[in-house]
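Student: Let me begin by handing over the structure; questions about it come next.
The values are calculated or read from the model by the stated rules, or taken from the named source; none is laboratory data. Just so it is clear, the model here is predicted, and its values are computed rather than measured. In this analysis, Cβ positions are derived from the backbone assuming ideal geometry, glycine residues included, and neighbour counts consider all displayed protein chains.
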Amino acid sequence: MLIRDLLSSSVTVKEDSQSSPRPDYGPSWGYNTVSGERVNVLKSQTLATVHRAKNIISDDVGKMPFQMFQKNGRNIDQVKPDPITRNMAYLLQISPNQFGWTPFQLKKAAIEWQLFYGNAYIWKPTKGQQQLLMLPADKTSPVISMKDGSIWYKHTFSNGQTSFIPAVEILHLMINPDATGFMGRGVITFARETFGRQLAAHKTQSKLFSQGFMPAAYVKFADTIDSPDARKKVREAYEEQMSGSENAYRLAVFDNRITEYKSIDVPLKDAQFLESIDATDRDICNFFGLSEHMLNRGKEAYNSNEQKYLEYLQGTLDSYLVPWEEAGRIKWMTAAEQPNTYFKFIREALLRMDSKARADSMAVRIQNGMLTPNEAREKDDMSAYDEGDQHYMAGNILPIGGNNGPK
C-alpha cells in the first residue's frame, strides 16, 4: 500500500496565504554565512560536535520507553500492548507501523526533524489499521483554511502530489516556536553562523595540513614569463615538490632562473585560530543544550552518573519529552479517555546507576513499602516468586494518631 492511499479524504483546501504560518527553513543549498560557507542540514552534520550532539539527544529519547498508563480511582496500571487492536501501547512499545519500524526509529526520527527543522509531524491515519507514520518536516506545513479558519497539514508526497491532511490526524511537535506558535525553528536557524565559522575553520586547517604548513610563497624569475600556461606549470612544479604534509620542512632546490624565493608563512605561534575551533565547539554545545563533557570535551564536574543525567534530563531532554507526552494525550486519546489515561517517558531508564547503588536503592524502596520484592525483581528482568507480592514496612514506623500516636 502506498502511504498516500491512507488519506481519509481528497479535500483540496483553499489556503489563507495571509494567516498561514511560513516554515523558516533554509533553501536546499543552505544558508549563506559571513564566513563564506554555505550551511545546510547535511553539511552541518559533518562537524563532529554537531553530529555527536544530534545523536546523543535523539538516541537517548529513542531508547527511553514511552508507555501508556490508565488511572482507575487510586490504582494506576500500565496499558498492555494489544497486537489484535494495535492499540497505542502496541504502536509505542512494539511497532508503530506496517513498514516494520521499531519504536526507537520513530522517536529518533522525530527528534532529529525537530533539532534541524524545528518541527516533527507524526501522522496517525484514520483509514486502515492503526499506525504512526513520520512525515518529512521539509515537505509538510500547517495551513489555515480560508473557508472556516480550520488547520490542515499540507504534505507533498514522494510522487510530487500535494495533499491536505486533517489536523486531528497529525501530532505536531516543535522546538523554538515562532511568533505565531504554529511553527518551530531548528537549531540551524540560530546557529548557522556558528556552524559556518566552524566549517570554514576546519577547511582552513585542512588546507594548512595539505600545504605542509607552507600556505604561500612567491618566486622571482630572471626571465619574463608571459604565458599563463608557463606560470601554471611553474606553480604546479613547486606545489608538487613542496606541498603536502610529507614534504613539510624539506629542502627546496631551485635552478639559476629563480632569483628570489620568499615564503609567506603564517608563524605557528600566530596560527591561534586553531584555538578558535575549541571556542566555537563550546558555542555548539550551548546551542544543543549539552555539557561539554558529554561531547568528549572538557572535564566532567559530577560526582555520579545519576547527578549528571538528572541535570541533563531537566535541562535538555524534558523540553522534548513533556510536549510529546502532553500532545499525545490530546491527539491520541478520545475525550472520554483523556481524564484518566496518559503517556509517560520512563526517565529512570536513563538514570544509570552502578550495581551497588541500584541494589541499595531497591532495598530502601522495598523496606519502605514503595515496591514489592517482585516489582523490584521485574525491573531487573527476574522472575517473580511466591509471597513476593507483599509490601513491607520497617517495624519501628507507626502511623500518627489513634492508639499508636504520641502520649
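Student: If a residue must be part of a loop (DSSP other than H, G, I, E, B) and among the acidic types (D, E), how many such residues does the range 1-48 contain? Write out each step before concluding.
Tutor: Initial filter on the range 1-48 (part of a loop (DSSP other than H, G, I, E, B)): 1-2, 7-14, 16-30, 33-37, 40, 45-47.
So of that shortlist, the ones also among the acidic types (D, E) come out as 16, 24, 37.
Residues that pass the stated criteria total 3.
Student: Exactly one condition in (1) under 28 Å from Y309 (Cα atoms); (2) surrounded by 13 or more Cβ atoms within 10 Å (Cβ to Cβ) is not met by P81; state its number.
Tutor: (1)
Student: Sticking with this structure for a sec: What single numbered condition from (1) more than 26 Å from A191 (Cα to Cα); (2) at pLDDT 95 or above; (3) crowded, with 16+ Cβ neighbours inside 10 Å fails to hold for K107?
Tutor: Every listed condition holds for K107 apart from (1).
Student: From the list F190, F164, pick out the single residue that is touching a Lys or Arg at 6+ places or on another chain (Cβ under 7 Å), surrounded by fewer than 20 Cβ atoms within 10 Å (Cβ to Cβ) and not hydroxyl-bearing (S, T, Y).
Tutor: On inspection, the qualifying residue turns out to be F164.
Student: Give the residues of the range 6-52 that are at pLDDT below 80 and closer than 30 Å to D148 by Cα, sorted by residue number. Don't jump to the end; show me each part of the working.
Tutor: Our first condition is that a residue be at pLDDT below 80; within the range 6-52, this holds for 8-11, 24-28.
Within the range 6-52, S8, S9, S10, V11, D24, Y25 meet the criteria.
Student: Return the residue satisfying two criteria in turn: it lies in the range 295-315 and is among the polar types (S, T, N, Q) and surrounded by 11 or more Cβ atoms within 10 Å (Cβ to Cβ), and of such residues it is modelled with the highest pLDDT.
Tutor: Applying the filter and picking the extreme gives Q314.
Student: Of all residues being among the charged types (D, E, K, R) and surrounded by 12 or more Cβ atoms within 10 Å (Cβ to Cβ) in the range 334-359, which is nearest to the chain's Cα centre (by Cα)? Just the residue, please.
Tutor: Going through the qualifying residues, I end up with R347.
Student: Separate question: Going residue by residue through the range 168-184, is there one that turns out to be closer than 16 Å to K54 by Cβ, touching a Lys or Arg at 6+ places or on another chain (Cβ under 9 Å) and not charged (D, E, K, R)?
Tutor: Among the residues of the range 168-184, at least one is closer than 16 Å to K54 by Cβ, touching a Lys or Arg at 6+ places or on another chain (Cβ under 9 Å) and not charged (D, E, K, R), which makes the answer yes.
Student: Turning to a different aspect of this structure: Kindly state which strands (runs of 3 or more DSSP E) lie completely within the range 102-197 and contain at least 3 residues that are over 23 Å from the mean Cα position of the chain (by Cα).
Tutor: 151-156, 162-166
Student: Follow-up question, since we're still on this one. If you scan the range 57-101, which residues turn out to be basic (K, R) and in a helix (DSSP H, G or I)?
Tutor: Once the filter is applied, which keeps residues that are basic (K, R) and in a helix (DSSP H, G or I), the range 57-101 yields nothing.
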